[in-house]
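The values are calculated or read from the model by the stated rules, or taken from the named source; none is laboratory data. Predicted model only: the values in this text are computed from it and were never measured. Glycine gets a Cβ as well: all are built from the backbone with ideal geometry, and neighbour counts include every protein chain shown. Please note that ligands, DNA and RNA were not included when accessible areas were found on the heavy atoms of the full protein model with its side chains. Shrake-Rupley method; radii C 1.70, N 1.55, O 1.52, S 1.80 Å.
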Amino acid sequence: MAGDIRWVRTHCARMDHGGCALLVRVEGNRIVKVKGDPEGFLNKGYVCMKGLASPEKLIHPNRLRHPLRRAGERGAGKWERISWEEALGEIADKFSAIKEEYGARAVAFGVGMPKGLEHFVLIRLANIFGSPNVVASQDVCHAPREITGVHTCGFYPVADFHHKSNLAVLWGSNITSTNEEGEICSLLLHQVSEGTKLMIIDPRRIPLADRAEHWLQLRPGTDHALALGFLNVIIEESLYDREFVEKWTYGFQDLVDHVKEYTPEKVSEITWVSPDSIRQGARVYAKSKPAVIQWGNPIEHNIHTFDITRALICLMAICGNLDVPGGNVHAKDPKIMKLGQFVRADLIPEKRKEMISAYHGVIPRFMTVPPAYFRRAVLEEDPYPVKGLYAMCANPMMSYAESGLTYETFKKLEFVAVADIFMTPTAAMADIVLPAATQFEMDDIGHYGLGHGYILARPKVIDPPEECWPDMKIMNELGKRISPPEYWYDDYHRFLEDVLGPSGLTYAQFVEKGYLKGPERFRLYEEKGFRTPTGKVELRLSSAEKYGLPPLPCFEGLPEDDNPKYPLVLTSSKSRYYLHSSYRWLDRLREKRPDAKVEIHPDTAGQYGIAEGDTVLIETRFGEIRQVAHLTASVHPKVIHASYGWWFPEEDPRSQYEWRKSNFNMLTSAGNLGKEFGTPNLKAIGCRIRKAGPGEEKAC
Ligand SMILES: Nc1nc2c(c(=O)[nH]1)N[C@H]1C(S)=C(S)[C@@H](COP(=O)(O)OP(=O)(O)OC[C@H]3O[C@@H](n4cnc5c(=O)[nH]c(N)nc54)[C@H](O)[C@@H]3O)O[C@H]1N2
Ligand SMILES: Nc1nc2c(c(=O)[nH]1)N[C@H]1C(S)=C(S)[C@@H](COP(=O)(O)OP(=O)(O)OC[C@H]3O[C@@H](n4cnc5c(=O)[nH]c(N)nc54)[C@H](O)[C@@H]3O)O[C@H]1N2
Ligand code: SF4
Ligand SMILES: [Mo]
C-alpha cells in the first residue's frame, strides 16, 4: 500500500548468520530505516554497519530481477531473459537426464554459509531427489567444532554469553567485526563492562585486545600446539577440576602422559608465544571458573582442525567449564521439528555410504561434502562422476580454497544452475541464473539447526521486486518437477509451519513472540551421563581405533612446512563491512572499505620498500594476487594479514569481474587436506611480498 508508514519488528539476516532484532520503518513497499531493537534477545539494541546497510541491497539497480539463460560461451557474460516456467523446466530436464544416465548422485546441491531455512530445504530437495551430495563450506565452518564435540562429549559446546563468565577467551574469534552463529558481541561487551576479563588468542592485535588482560600473539596455524601447552601447564600444576575429571572423564591418565612433552618451552618455539605467557594464560583460564571459550574460524581453517578442536574441548572439560552457565554449553532446542524429519533423511538411508566424502574416509556424522572432494568428483570422476550442480546462497569461485580449481570445475560441469540476488563470479559461470528474493522480502526462520538452542522469527516486511522468488519457493517448485510432487507443498510457508508444528504455534503466533528458546538446563550429564560410548567426556576417544582417528589430540606439525622461498606467514580474516565475498556492490559499505587491504608490519614493509597505499604482490606456492598495502604494528613482523573475498562487481563481466586479481583463495590449495573433515589450510601459508612494478598494478 503506497503511503502506508509503519514500524515492523524482525531479525537481521544474510549479512552474516543473523541474529540482531531490528525495528524496520517501512513506507509503502520500501524500507527507509533500520535500527536495533532494544529488546532484542541477542543484541539489546545493537546493530552493525552491515545491518544498517542491508535494505540497500534490495533496491540496487543491478540486482537480479528475472531468470536468465546463458546466451554465449560459459562465463562470457551474455544472457537472455526467460520465464520461470522455462527456467525450472530446463533445470528439471537437465537434472532428470543426468539422473537417468549417471544416477541421482551425479547431481550435487551446493550451499554456502547457512543463512536461513532454505539451507535445510536444499538438503530436503537433495534427499528427495535421491542425491547424497550436498556440498557446503562446513569443512571450514563449524562442522569441526560440532562434530568433534559430538564425538568427544556428545554435544556441540557453544559459548554461553547469556550468563556471567569470569573470563572470556576469544580463541581466533574477532567478534566485534564478525558476529557469528548465535554469538553477537553486544552480550559479551556488556559482560566485559561488568567485570568479565578477556583473553585474546590471535596473531593480530584485534580491537578487543585494548580491553583484554591477556593477548597471546601466536604464530598462525599453531593453535593445536598452544592448546596442548595449556593442557600441559594445567595438569603439571594440578589446576584442573579434580572432581569433574574423576567422575566425568575417560582417559585422563592417557592425556596426562601424552601432554607431558608439550612443555611451555617447546610450545613457545612452535607458537612464538613466550613460555611465561603460556603459563600465565593457562593458569588464568583454569582459575577463572566459569570461563568461556569463544572459538573462531582459525581453529578450522587448518588441516589439523581435528586436533585443535579436540584439544580445546579437553581444556574446557578438565577445567570444569563444560555445560556450566557462563562456560561452553549444550544448548537445548525448543519443541520444534527435528532436523532429520524436516530434511526427510528417511528417504535416503544409504547417504552415509554413498556420499562422495564417504569414499575419502571422513569422520562419521559429517553429512556434507567438502568442496575439495566435490571438485575431485567433477574433474577426476573420483569416486564417481558428478555432472550437475544446483547452487544457492554461495559464491564458490571466491569462497572455496584454490579458486583456479573451482573455475575448472565450473567449466567441466555439464549443467549449472545458480540462485543469487546479484550476478557474481559464480553465477557468471552458470547456465541458468535464478533471481532470489532475500531478507525482508519473505517469511523465514533463523538459527534453525545451528545448535544454539533457539529460533528467531524473520517475518516478511516488503514484497520482492519483479520476478524475484524466495529460495524456498524456488526449491518447492523445482522439487515438484524433479521428484515425487507429494513431498512438496502448494505454498512454501508450509515449511515454516512444519518447523513450528511441535511447539503448537503457528508462524503468525511465533512472529508475535519473536523467538523460541529451549529450556535452560545445565549439567544434564549428572542425570544422564554424556552421550558418548563411555558416558563420559572422552579425553581419549574410545572409538578412535574403530574410526581410524587419533585417540588423543596431537601436534603433528605446522599446516605447511617452512619454505625459505616464502619466508613470511600469510593469514587473513573477514572484513567487518562485508560478508565473505558478498556486498562489495553496496556503495554504503564500499565507501567504508574501497580496496582489498593487506596489513604489513611497518618494519617488514620498510625491508621490502613498500609504503602505505602501494599495490603489493602477494605470492604463495599456489598463486599470486594484488592488494593495497596498509602498514600497521598490529600484525607480527613475520605475518602478512590479507583481505579475503575480493572481486570487483564494477569490472568487466567477461573477466567474471576480475575474480583472480585480489582473491585470497588464489593463494590457497585444496591439495593437502585434513583427513577428518577434508579441510584445506586457509590461514597459515608461506608467502612472499613485493611492491608491484610499473605495469604490474592492474595485470592479472
Ligand atoms: N580463504 C578463505 N576462504 C573461506 C573463508 C575464509 O575465511 N578464508 N571462510 C569460509 C567460511 S567460514 C564460509 S561460511 C564460506 C562462505 O562461503 P559462501 O557462503 O559461498 O560466501 P559468500 O561469498 O557470502 O556467498 C554468498 C552468496 O549468496 C548470495 N546471497 C545473499 N543472500 C541470498 C539469498 O537470500 N538467496 C540466494 N540465493 N543468494 C543469496 C550472495 O549474493 C553471495 O553471492 O567461505 C569459506 N571460505
Ligand atoms: N562482518 C562479517 N561477519 C561475519 C562473516 C563475514 O564474512 N563478515 N562471516 C560469518 C561466518 S560464516 C563465520 S564462520 C564467522 C567467522 O568469524 P571469525 O571466527 O571471527 O573468523 P575470521 O574473521 O576468519 O578470523 C578471526 C580471527 O582469527 C585471527 N587469526 C588469523 N589466523 C589465525 C590463527 O592461525 N590462529 C588464531 N588463533 N587466530 C588467527 C584473525 O586475525 C582474526 O582476528 O563470522 C561470521 N560473521
Ligand atoms: S551483527 Fe549480524 S545480525 Fe547484527 S546487525 Fe550486523 S549483520 Fe545483522
Ligand atoms: Mo562460516
Per q in 0.20, 0.28 1/Å, what log10 I(q)/I(0) does a Debye calculation on the alpha-carbon atoms of segment 539-604 return? -0.89, -1.21
Cleavage-rule hits (trypsin sites (Lys or Arg not before Pro)) in segment 349-425: DSSP loop, at most 14 neighbouring Cβ within 10 angstrom: 365
Relative to the present Cα-Cα distance, how much length would full extension add between residue 247 and residue 164 at 0.36 nm per residue of separation? 27.4 nm
Within segment 73-123, what whole-number % of the accessible surface is contributed by carbon and sulfur, with the 1.4 Å probe and all protein chains included in the calculation? 44 percent
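Using unit Cβ charges (K, R positive; D, E negative) and no other charged atoms, how large, in debye to the nearest 20, is the dipole of segment 5-59 about its Cα centre?
The calculated dipole for segment 5-59 is roughly 120 debye.
May I ask which of 460/574; 460/675; 536/675; 94/661; 35/661; 50/287 have a Cα-Cα span longer than 31 Å here? Show your work: numbers first, answer last.
Numbers: 460/574 28 Å; 460/675 42 Å; 536/675 25 Å; 94/661 33 Å; 35/661 36 Å; 50/287 38 Å.
Among 460/574; 460/675; 536/675; 94/661; 35/661; 50/287, the Cα-Cα distance tops 31 Å for 460/675; 94/661; 35/661; 50/287.
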Taking the dipole of segment 568-691 about the Cα centre (Lys, Arg +1; Asp, Glu -1; charges at Cβ), the one of 677, 613, 664 that reaches farthest to the positive side is 677
On the formula 1/(1 + (r/R0)^6), with r taken between the Cβ atoms of residue 408 and residue 78 and R0 of 25 Å, the FRET efficiency rounded to 0.05 is 0.75
Give the Cα extents of segment 568-691 along the principal axes, in whole Å, largest first. 41, 35, 26
Once all Cα-Cα distances of segment 220-285 are split into 10 Å bins that start at 0, what whole-number percent is in each one? 23, 52, 23, 3
If every Lys and Arg gets +1 and every Asp and Glu gets -1 at its Cβ, then about the Cα centre the chain yields a dipole, in debye to the nearest 20, of 700 debye
List, largest first, the extents of the alpha carbons of segment 5-59 along their principal axes, each in whole Å. 29, 20, 13
Can you quote the Å³ per residue value for the convex hull of the Cα atoms in segment 478-587, rounded to an integer? 378 Å³
What's the ranking of 553-563, 118-128 by average number of surrounding C-beta atoms within 10 Å, highest first? 118-128, 553-563
Over segment 568-691, with every protein chain in place, what whole percent of the accessible area is carbon and sulfur at 1.4 Å, could you tell me? 44 percent
Under the 0.36 nm per residue contour assumption, what length would be gained going from the current alpha-carbon distance of residue 93 and residue 266 to full extension? 56.2 nm
Non-local amide H neighbours of residue 272 (under 5 Å, H modeled in plane, Pro and chain starts lacking H): which ones? 219
Rounded to one decimal in nm, the spacing of the 7 Å Cα→Cβ label points at residue 289 and residue 527 is 2.2 nm
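So if each residue of separation counts as 0.36 nm, and I subtract the Cα-Cα distance between residue 624 and residue 382, what length gain in nm does that give?
84.3 nm
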Taking only the alpha-carbon atoms of segment 626-671, what semi-axes of the equivalent ellipsoid follow from 5 times the gyration tensor eigenvalues under a square root, in whole Å, largest first? 25, 15, 6
Output the direction-averaged projected area (hull surface divided by four) of the convex hull of the alpha-carbon atoms of segment 80-188, in nm². 10.9 nm²
Could you look at segment 161-245 and say what percent of its accessible area is carbon and sulfur, using a 1.4 Å probe and all protein chains? 43 percent
Normalising by the residue count of the chain, find the relative contact order in percent from Cα pairs under 8 Å and 6+ residues apart. 19 percent
Range of Cα positions in segment 1-152 per principal axis (Å), largest first: 55, 52, 27
List the aspartates and glutamates whose Cα lies under 14 Å from the Cα of residue 517, skipping any in the same chain that are fewer than 8 positions away. 160, 333
What do you get for GluC sites (Glu not before Pro) in segment 401-474 restricted to DSSP loop and a cutoff of at most 14 other Cβ within 10 Å of the site's Cβ? 466
Binning at 10 Å from 0, report for the chain what percent of all alpha-carbon pair distances ends up in each bin. 3, 15, 26, 28, 20, 7, 1, 0
For segment 174-295, the Rg and Dmax computed from alpha carbons only, in angstrom: 15.3, 41
Hey, rough spin-label estimate for residue 335 and residue 607, points 7 angstrom out along Cα→Cβ, what's it come to in nanometres? 6.3 nm
Using only alpha carbon pairs under 8 Å that are at least six residues apart, calculate the relative contact order of segment 5-59 and give it in whole percent. 28 percent
Please identify every one of the GluC sites (Glu not before Pro) in segment 583-622 that sits in a loop by DSSP and has no more than 13 other beta carbons within 10 Å of its own beta carbon. 591, 612
Distance in nm between label sites at residue 65 and residue 35, each 7 Å beyond Cα in the beta-carbon direction? 3.2 nm
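Please work out the FRET efficiency for the pair residue 190 and residue 520, using the Cβ-Cβ distance as r and a Förster radius of 22 Å; give the result to the nearest 0.05.
With a Förster radius of 22 Å, E is 0.75.
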Hey, can you find the accessible area per residue of the chain for me, probe 1.4 Å, expressed in square angstrom? 36 Å²
